[in-house]
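For reference, the structure is listed below as C-alpha cells.
The values are calculated or read from the model by the stated rules, or taken from the named source; none is laboratory data. What you are looking at is a predicted structure, and each value in this text was computed from that prediction instead of being measured. Methodologically, a virtual Cβ is constructed for each residue, glycine included, from the backbone with ideal geometry; neighbour enumeration extends over all protein chains shown.
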Amino acid sequence: MAAHNPFPVRGGNSFRLLTGADTLIPAMEEAIRSARRYVLLEQYLVSSGAMTDSFMDALIACTQRKVPVYMLLDHFGSRELSSADRRRLRNAGVSLAFYNPAHLTHFLRGLTRNHGKILLIDGELAFTGGAGISDDYQIGNMQQPWFDIVVEMRGPIVGDWQRLFMRSWQRWADPIDVPPVASREAGEQRGRVAVSLRGLKKFVRRSLLLRIGHASDHVWLATAYWLPGRTMLRALRSASRRGVDVRLLLPGPINDHPTVYHAGHRYYHYLLRNGIRIFEYQPAFMHAKLYVCDRWLSVGSCNMDRWGLRWNLEANLESNDVALCAEAEGFFSATFEQSTEITLEAWRERPVANRLREWLFGYIDLIIERFGVNREMRKKP
C-alpha cells in the first residue's frame, strides 16, 4: 500500500459488503436504533424527504434515551436539508455542524468539500461507502433507487474512523467528549483507512495508482463519476498492455449529472482503443465507488473525478483480504450482467449529436483540469 498514509494497516477486523438500497439503508438505520453510547455521522448528501425523516426518527430516538448524536454535514451537499428539519434535529438535542460553509465571498475556498460518508456507532461499528441520505435511495419510488455499496466494519479499525471524524468535527465545531473506542478484535480481516485530505495528501489516489501499476491479473473499477485525469488514463493503458483485464463499471443514461456523464465520454475512444472494456449500468443510477486490483480493494466515498481524486475530503477502506475481494468480484460479475458493454465498433457509429455533447462538456472539463493542475502547482514548495 502507498507510503505515508496517516493510518496503519490493522488486523482483527470483520468486514461485510452491503449492496443495494434495500440492504444497506436498513442496516445503517438498525445500527443507529441499537446505539447505546453515542452516534457519529459524517455525510455529504442529505436532502429532506421520506428517507431523511426515517433517519431523523432513528437519531432523535437516540437522544430521547440519552445517547449523544453528532452530525457533521457538508454545507453544500446538505443544501436541500430544509430549515425545518435542521431545527427539528437541534431541538431534539442532536449536535449539528456544517463543513466549510460556502459563500460567494470566498468562492475558491468553498471548492473543497467534505465528500466523506461515515457512520460510527458506540466505537464498535462503522460504515462507509457511497450512499447518501435522500429519497434517491427510497424503495418504491417511480424510478429504481440509486445502486450503491457500503462496507460494514467491526474491530480495531473503527478507532481510526473515529479519529478521522473527530479531526473534521473539531475544525468546524466545539470539541466533543465521547467514550473511548472499544479496540477488541472482531475477526481476522486486515485493512486500513485511506484518506484524501487538504492539499496534496491524496492517499486514495496514490494507493490506487500503485495497485494498478502492479496488477497482473485484473483491474475492475466502479465509479459514479468518471473524469480520471491523464496519470490515471496512462496507468490503465499500461495495465491493459501488460495483459491485465481492465474493466470500468460506469453509470448509463440514468444519472444525476448528465454533463459529467457526457464529459466522461470524451475518454471512451482512447480507452476502447487500448483494450479497456467499458460497461454502463442500465437499471438505475450506479453510484458505487469500488476498486479491485487482483487481491486488493478500495471501497468508500471517493469517485474517479477531479473532485474525488484532487479536491474533496474523501475516505476509503483498503484491504487485501481474500474473502472480501471475492465478495467484491461477485458484485462486479453480477453487475456486469445488468450492464451494456460499449464496444469500439459501436462507439465509432454513435450519433453526431452525442459527439457534439462530448466535445462541449469535454472542453469544459479540460478547462477545469488545467485549473486544477495550476492550483496544485501553486501549492508545491
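Restricting the first residue to segment 270-299 and requiring it to be at pLDDT below 95, which pairs with a second residue that is surrounded by 17 or more Cβ atoms within 10 Å (Cβ to Cβ) meet a Cβ separation below 7 Å and a spacing of at least six or different chains?
The qualifying pairs do not exist here.
Can you report the number of residues in segment 237-262 which are under 28 Å from Val352 (Cβ atoms) and over 20 Å from the mean Cα position of the chain (by Cα)?
Residues that pass the stated criteria total 3.
Restricting to segment 4-48, what's the tally of residues that are of a type in the set (A, V, I, L, M) and more than 25 Å from Glu185 (Cα to Cα)?
4
Quick check on segment 38-61: of everything there that is within 15 Å of Ile176 (Cβ to Cβ) and of a type outside the set (D, E, K, R), which residue is surrounded by the fewest Cβ atoms within 10 Å (Cβ to Cβ)?
Result: Tyr38.
When residues of segment 320-377 are filtered for being basic (Lys, Arg) and either at pLDDT 95 or above or under 21 Å from Arg273 (Cβ atoms) (or both), how many remain?
Going through segment 320-377 one residue at a time, the tally reaches 4.
Taking strands (runs of 3 or more DSSP E) that do not extend beyond segment 228-308, which have at least 3 residues that are buried (at least 19 other Cβ atoms within 10 Å of the Cβ) and not aromatic (Phe, Trp, Tyr)?
245-251, 290-293, 297-300
Within segment 4-27, take every residue that is among the hydrophobic types (A, V, I, L, M, F, W, C) and more than 22 Å from Ala334 (Cβ to Cβ) and give me the one that is surrounded by the fewest Cβ atoms within 10 Å (Cβ to Cβ).
Restricting to residues being among the hydrophobic types (A, V, I, L, M, F, W, C) and more than 22 Å from Ala334 (Cβ to Cβ), the top hit is Val9.
Residues to consider are Gly159, Gly140, Gly123; find the one that is in a loop (DSSP other than H, G, I, E, B) and surrounded by 13 or more Cβ atoms within 10 Å (Cβ to Cβ).
So the residue among Gly159, Gly140, Gly123 that is in a loop (DSSP other than H, G, I, E, B) and surrounded by 13 or more Cβ atoms within 10 Å (Cβ to Cβ) is Gly123.
Among residues belonging to segment 202-227 that are closer than 24 Å to Gly130 by Cα and either polar (S, T, N, Q) or free of Cβ contacts under 8 Å to residues at least 12 places away in the same chain (or both), point out the one that is surrounded by the most Cβ atoms within 10 Å (Cβ to Cβ).
Step by step, filter segment 202-227, then rank; the result is Thr223.
Here are some residues: Glu80, Glu30. Which one is farther than 19 Å from Ala173 by Cβ and in contact with a strand residue (DSSP E or B) (Cβ under 8 Å, 6 or more places away or on another chain)?
Only one candidate passes the filter, namely Glu80.
Quick one: Ala92 ticks every box in (1) touching a Lys or Arg at 6+ places or on another chain (Cβ under 9 Å); (2) among the aliphatic types (A, V, I, L, M); (3) at pLDDT 95 or above; (4) more than 28 Å from Ala288 (Cβ to Cβ) bar one, so which box is it?
(1)
Taking the condition of being buried (at least 24 other Cβ atoms within 10 Å of the Cβ) and closer than 22 Å to Asp256 by Cβ, how many residues in segment 314-341 meet it?
3
State whether the residues of segment 167-175 include one that is assigned by TED's automatic domain parsing to the domain that holds Pro283, assigned to a loop (DSSP other than H, G, I, E, B) and modelled with pLDDT under 95.
So far as segment 167-175 goes, no, none of its residues is assigned by TED's automatic domain parsing to the domain that holds Pro283, assigned to a loop (DSSP other than H, G, I, E, B) and modelled with pLDDT under 95.
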